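The values are calculated or read from the model by the stated rules, or taken from the named source; none is laboratory data. Keep in mind it's a predicted model, so treat the numbers as computed, not measured. Glycine also receives a Cβ, built like all others from the backbone with ideal geometry; neighbour counts cover every protein chain displayed. What goes into the accessible areas is simple: the full protein's heavy atoms, side chains included, and nothing from ligands, DNA or RNA. Shrake-Rupley method; radii C 1.70, N 1.55, O 1.52, S 1.80 Å.
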Amino acid sequence: FAFMQAYIYPVIPLPEGERIIAIENRDVELNNEDRQATHDFVVWRKELRTITDVGAFRTVGRNLVAGTGSVEPVPVAEMSAAGFTLARTAPLLGRTLIDADEAAGAPPVVVIGHKVWKERFASSPAVVGQPLRLNATSHTIIGVMPEGFAFPENHELWIPLRSDPSAYARGKGPEIYIFGRLAPGISMEAAQAELTVLGKRAATDFPKANGTIRPMVMPYTHSISDVQGTTVWMAVQMQAMMTVLLVIVAFNVAVLVYARTATRQGEIAVRSALGASRGRIVWQLFMEGLVLSVLSAFGGLFIARFGITLARGMLEAEEGIPFWLDFGMRPRTVLFAIGVTVFSAVIIGVLPALQATGKRLQDTLRSMSSGAGVQLGRTWTFLIVAQVAIAAAALPAAVSAGWGEIRGAVTSPIYDPMRYLLTNFRTDTDVAGALTAADSVTQRRDAAARLGNTMAALVQRISAAPGVMGVSYNVDLEGRRGRMEVEGITMPEKLRGPYSIASQGSEPNTLPIMGARILTGRGFDASDMDSTSGSVIVSASFVRQVLGNTPPIGKRIRYAGDEARGEDAAVAPSRWFTIIGVTEDVVTNRFDPDLIAPKVYYPAPLGMATNVELLVRTRDKATDFVPQLRKLAVEVDPTLRMGRSYGLDEFERQDQLAVRLGALMIGLVLLSVSLLSAAGVYALTSFTVTRRRREIGIRTALGAQPGQVIRTLFKRVAVQIATGLAVGLGAAAALEVATDGEILQGRGGYLLPAFGVLMAVVAVLAALGPARRGLRVQPAEALRADS
């Protein structure tokens, strides 16, 4: 609850932050956002009246070069001057960006954040006017923002966004995020109405580019957090799904408490006879339940705090925390915990108390005076049936989900990730924006060639560095992605999606550096490193999952595009690639090898892509090589854009942490629900038999054989358990059919019967123990105990 509130509905810590919004184009045909909206942005900034301070930004990577020659890759916000106006935060020193800074040919300027000012310039008050080098360009520092300011996301450096729509075709251009502020007195619905009118006009005037585009207004954070369209009702539904589990747990506890309350019926009857009111008795049992609930609530808040700290650490390690995210225990979270606490106390305290003090109270007194014992009645039978039904319906699905998470959590690499470093490189030219937007094949080809030459020189320099055991690279080439077809093979259903089979461009050293052996066929050699090469290598998981372990060498594959994105025409499935070898998977999973994604490697020489991923294997810890790598990169080409460097141990840890946390959470929940369900069934059936000790004594005194007594006792228990199993397993099976096997992932054929047997065994053991103890009691002793 705390995470959802912080992530989906955060409080933006800026003046009137709740009125800051995002504007985003959405392609209704592809059901996806379309951020190449430079032309629309210019129109909106000029014509919108319901939204003020309309601006845009995008994050670009730059190398921050200090005077000492040290290099650090940093994210930089290319932002409209309107961003500072919207944020309503005055600079600590100097000035912020103004509209004139966005003009073509204006001098390069930069606004720095408090952290950069403190760490790079020792908090010098004379920093304004000093140069700051980003890549090969020297920028003049014009201002310093106060501590804590990080708009638009988590930035510390800001340069002007210079967007010239005449440089791009409509629907092309760099991907930008557009923001604004609702005008005074204007609601989001009113702003959406005006934006819709502008969107319809654009769709009419430019049907090819804007025909399927619909502009949307949303809370500012939704666009960046990628939760567009999330409504309060959807958040309530998600919370309700989590609350269902809480209700199941509370019901299990209620059963145990009810069993305890039933044993106290005599005490409750006596207190009532001595003048205690029903309200007083109910209040006492409620307070007992509240004490249990409060202790649990404190434990839950502590665990939630711990989990939120882990989540925050994951986000910080991966890409930084947006300035508006506050994962602390906000008042609404504490109020939610208090509400849950009281609700649980009602379930485990008030409901049993009302049953115990109801109209059967006088019957309890009479039965005590006659020695007949307390009659449990239909409520007890209902609780046993309901307990078994809930356990039988819920536990198979929980086990299926938990087992899936646990299996995924044990995937591990075959290499030592601590000795591998992964870094992304690209040219200073904005390939993803200007070149792609201009649809200039020649420009892209030239940029790729320049990057290829630079990377070849860098690879040579890195290979000669002390402690380096090997260097390789990976690239993704256009036209080598999306759905995959294998000649003569019908693809399994689970592998028909566009991203079910990973595809990666490599060079001959990549697989040997990772420690992956060629199992059959051959690896890449110099003859394959050509743009016209039709050779590919597939992983062992590809042979197993796609080819069904049939001989792979010589089989042909081709890329068929992504139907969901309309790529069939752009990526024509006409070129076939021939499998020349099979490699080991670079990861293993001892529980389920089929969880390893199939992979295809194709040869990709440098100079074919504008984005290259460099892989360095070192003798010692790989991250220790990062400073030297940065220095070598700048020496080779100061304009080379170097992304964040990851030690593969860090990469693997981050990749697996979420999976393992999910597996741990599901495992703990599964264990608690399983134990509570087993304890509930045991308590109910055991108590049922225990309450019949007097009957057992009488039957034994009259000459009944032990086997006859046990069969009589088990007959009623068996009916209750069978009824509960039928209801629970029937509900689980119906849900499995209704969801086409999504709930149990095709495991219903053995999970449902297994849990039916498990619950039956628990019930039998629960009844057998007390029954055997009852048979060992002498009849006279049993009669005296209940007289």
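Of the candidates L86, L48, the single residue that is hydrophobic (A, V, I, L, M, F, W, C) and surrounded by fewer than 19 Cβ atoms within 10 Å (Cβ to Cβ) is L48.
Filtering the stretch 411-431 for residues that are at pLDDT below 65 and either among the aromatic types (F, W, Y) or part of a helix (DSSP H, G or I) (or both) leaves a non-empty set. Taking the stretch 165-212 as the search range and keeping residues that are within 28 Å of the chain's Cα centre (by Cα) and among the β-branched types (V, I, T), which one is surrounded by the most Cβ atoms within 10 Å (Cβ to Cβ)? So, considering only residues that are within 28 Å of the chain's Cα centre (by Cα) and among the β-branched types (V, I, T), the one surrounded by the most Cβ atoms within 10 Å (Cβ to Cβ) is I178. Examine the stretch 208-228 for a residue that is of a type in the set (S, T, N, Q) and at pLDDT below 70, and state whether such a residue exists. Yes, some residue in the stretch 208-228 is of a type in the set (S, T, N, Q) and at pLDDT below 70. Please name all residue pairs, on different chains or six or more residues apart, with Cβ atoms under 7 Å, provided the first residue is in the stretch 692-714 and is under 15 Å from V764 (Cβ atoms) and modelled with pLDDT under 75 and the second residue is open to solvent by 40 Å² or more (accessible area, probe 1.4 Å) and of a type outside the set (S, T, Y). Close Cβ pairs (under 7 Å, with a partner that is open to solvent by 40 Å² or more (accessible area, probe 1.4 Å) and of a type outside the set (S, T, Y)) amount to L713/R692. Output yes when any residue across the stretch 122-130 is surrounded by fewer than 19 Cβ atoms within 10 Å (Cβ to Cβ), in contact (Cβ under 8 Å) with a residue 40 or more places away in the chain and under 20 Å from V71 (Cβ atoms), and no when none is. Within the stretch 122-130, none of the residues are surrounded by fewer than 19 Cβ atoms within 10 Å (Cβ to Cβ), in contact (Cβ under 8 Å) with a residue 40 or more places away in the chain and under 20 Å from V71 (Cβ atoms). Considering the stretch 595-621, and only residues there that are buried (at least 22 other Cβ atoms within 10 Å of the Cβ) and not in a strand (DSSP E or B), the residue that is modelled with the highest pLDDT turns out to be P598. On inspection, R181 passes the criterion of being part of a strand (DSSP E or B), among the basic types (K, R) and modelled with pLDDT of 95 or more.
Scan the stretch 55-70 and give yes if some residue there is within 25 Å of E175 (Cβ to Cβ), in a loop (DSSP other than H, G, I, E, B) and hydrophobic (A, V, I, L, M, F, W, C), otherwise no. No, the stretch 55-70 has no match at all. When P75 is tested against the conditions (1) surrounded by 19 or more Cβ atoms within 10 Å (Cβ to Cβ); (2) in a strand (DSSP E or B), the lone failure is (1). Restricting the search to the stretch 721-768, which residues are at pLDDT below 75, within 30 Å of T700 (Cβ to Cβ) and open to solvent by 20 Å² or more (accessible area, probe 1.4 Å)? Within the stretch 721-768, V762, V764, L765, L768 meet the criteria. Taking the criterion of being assigned to a loop (DSSP other than H, G, I, E, B), open to solvent by less than 70 Å² (accessible area, probe 1.4 Å) and over 30 Å from T212 (Cβ atoms), the residues of the stretch 5-29 that qualify are P10, I12, L14, P15. Evaluated against (1) modelled with pLDDT under 85; (2) over 30 Å from the mean Cα position of the chain (by Cα), R133 falls short on exactly one condition, (1). Do we have any residue at all in the stretch 499-508 that's more than 21 Å from D585 (Cα to Cα) and either of a type in the set (A, V, I, L, M, F, W, C) or open to solvent by 40 Å² or more (accessible area, probe 1.4 Å) (or both)? Checked against the condition, which is being more than 21 Å from D585 (Cα to Cα) and either of a type in the set (A, V, I, L, M, F, W, C) or open to solvent by 40 Å² or more (accessible area, probe 1.4 Å) (or both), the stretch 499-508 yields no hits at all.
Restricting the search to strands (runs of 3 or more DSSP E) fully inside the stretch 454-509 and requiring at least 1 residues that are closer than 30 Å to V634 by Cα and either modelled with pLDDT of 90 or more or among the hydroxyl-bearing types (S, T, Y) (or both) gives 468-475, 502-506. Checked against (1) within 30 Å of G300 (Cβ to Cβ); (2) in contact with a Lys or Arg (Cβ under 8 Å, 6 or more places away or on another chain), E72 meets all criteria but (1).
Filtered by the rule that a residue be acidic (D, E) and not in a loop (DSSP other than H, G, I, E, B), the stretch 510-540 gives a lone residue, D528. Given the criteria small (G, A, S), open to solvent by 30 Å² or more (accessible area, probe 1.4 Å) and either in a helix (DSSP H, G or I) or at pLDDT below 75 (or both), does A780 qualify? Yes; evaluated as a whole, the condition is true for this residue.
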